[in-house]
1. Expected output is a single nm value to one decimal: the length gained when fully extending between residue 135 and residue 153, i.e. 0.36 nm times separation in residues minus the C-alpha distance. What is it?
2. Percentage of Cα-Cα pair distances in the stretch 1-81 greater than 22 Å, rounded to whole percent?
3. Cut-off is 10 Å between beta-carbons; in what order do 114, 136 appear when sorted fewest neighbours first?
4. Determine, for 31, 63, 72, the number of other Cβ atoms within 10 Å of each Cβ, and report the residues in order from fewest to most.
5. Please give, to one decimal in nm, the separation of the simple spin-label points placed at residue 83 and residue 12, each 7 Å out from Cα toward the Cβ.
């Protein structure tokens, strides 16, 4: 019976590798996002000489939006892989500082923060281009942004409340 238990545990433990293709797919999606970014940048550069200030700001906001989305994908790839699949051995590589500090709670906060930032850019783009939006659409954009913001605050509060507190013996040592 013990051999069966050990076999089941090994299968369950190794099943985490099923997530690896998801992260590879996300890495491929970065290439697709880069293609879209470059196409948008090229179109933007061609229009800049004839664009209004508002058009330039909207174009830059669109590029920032894509960059934030790329950052979000990278955070999910690295942090998700390290938290759920395997440690990334990057001794000879340039390892970003955040990689060693982002746990699952931090990943949730970074993910929510990025979504709120992307949502804020969409709202800002709508307000910069008011003539193309009706009141109902603007209301939905602002409402959804507020929902994302509320979700972020809820995640942060939940993480703060559930954070492990320091053991009383440790508090006495640091207080003296």
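Read-outs: derived from the displayed coordinates by stated rules, not from any lab. A quick note: this is a predicted structure, and the numbers were derived from the prediction, not measured. A quick note on method: Cβ atoms are made from the backbone with ideal geometry, for glycine too, and the neighbour counts reach across all protein chains shown.
1. Using 0.36 nm per residue and subtracting the Cα-Cα distance, I get 3.8 nm.
2. Percentage above 22 Å: 50.
3. Ascending number of Cβ neighbours within 10 Å: 136, 114.
4. Going from least to most buried by this count: 31, 63, 72.
5. Placing both labels 7 Å beyond Cα along the Cβ direction yields 2.1 nm.
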